[in-house]
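Please read the structure below before turning to the comments.
The values are calculated or read from the model by the stated rules, or taken from the named source; none is laboratory data. Nothing here was measured: the structure is a model prediction, and the numbers come from that model. Cβ sites come from the backbone with ideal geometry, for glycine too, and all protein chains shown count toward neighbours.
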């Protein structure tokens, strides 16, 4: 599941290619921290409540969609600079990327629904509490996703060389990033 192309994978790859491996890893850690929240929500049974309460679910979708549109606007307004990949991101920038990955993951209701829909099929014990089994499955998913996303960060060097050769390719990357955020907003809103 972690290997299948999706918004998180693309976001990690783009951030890593544009700003370097440390920035990519900050996003990865943010995304995985968000998965911890989703695991806890499923383990405590709150996702069933969220899913059954249409108003709460709609509010969560609107917040998620709004945040993605905000990120699309920021990407659209960003400058296209050759050699941007060589810029160092200050620690405050790394925290901002961590926060961006975290919020992006937490506000995506599809992740909670994914956890709620798939985890019960993989429950493995009749004697162990469901709470514990959900956390074990959540940590396994987080570890697998962390390894896959880290591989994307490592491969971003190749991606970076591909895009940072011309301003036209950088403009394409900027448009891809903007379109990517708008696409996620649409997916969240129509989920």
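Return a yes/no flag: does the stretch 91-103 have any residue that is surrounded by fewer than 14 Cβ atoms within 10 Å (Cβ to Cβ) and modelled with pLDDT under 75.
Taking every residue of the stretch 91-103 in turn, at least one turns out to be surrounded by fewer than 14 Cβ atoms within 10 Å (Cβ to Cβ) and modelled with pLDDT under 75.
So is residue 134 surrounded by 11 or more Cβ atoms within 10 Å (Cβ to Cβ), assigned to a helix (DSSP H, G or I) and at pLDDT 85 or above or not?
The answer is yes for residue 134.
Quick test for you: out of 170, 140, 176, pick the one residue that is without any contact (Cβ under 8 Å) to a residue 12 or more places away in the chain and farther than 24 Å from residue 49 by Cα.
Exactly one residue qualifies, and that residue is 140.
Scan the stretch 1-26 for residues that are over 13 Å from the mean Cα position of the chain (by Cα), modelled with pLDDT of 90 or more and crowded, with 19+ Cβ neighbours inside 10 Å and jot them down.
23
Consider the stretch 48-66. How many of its residues are more than 23 Å from the chain's Cα centre (by Cα) and modelled with pLDDT of 75 or more?
3
Can you name every residue in the stretch 36-46 that is within 19 Å of the chain's Cα centre (by Cα) and either modelled with pLDDT under 80 or farther than 13 Å from residue 116 by Cβ (or both)?
36, 37
Assess whether residue 29 counts as being within 12 Å of the chain's Cα centre (by Cα), in a helix (DSSP H, G or I) and modelled with pLDDT under 80.
no
Restricting attention to the stretch 107-119, and to residues there that are in contact with a helix residue (DSSP H, G or I) (Cβ under 9 Å, 6 or more places away or on another chain) and more than 12 Å from residue 188 (Cβ to Cβ), which single residue is modelled with the highest pLDDT?
Looking at the filtered set, the residue picked out is 115.
Given the criterion in contact with a helix residue (DSSP H, G or I) (Cβ under 8 Å, 6 or more places away or on another chain) and either surrounded by 15 or more Cβ atoms within 10 Å (Cβ to Cβ) or part of a helix (DSSP H, G or I) (or both), identify the matching residue among 175, 169.
None of the other options fit; the residue is 169.
Among the listed residues 125, 160, 145, identify the single one that is outside any loop (DSSP other than H, G, I, E, B) and either over 16 Å from residue 111 (Cβ atoms) or at pLDDT below 90 (or both).
160
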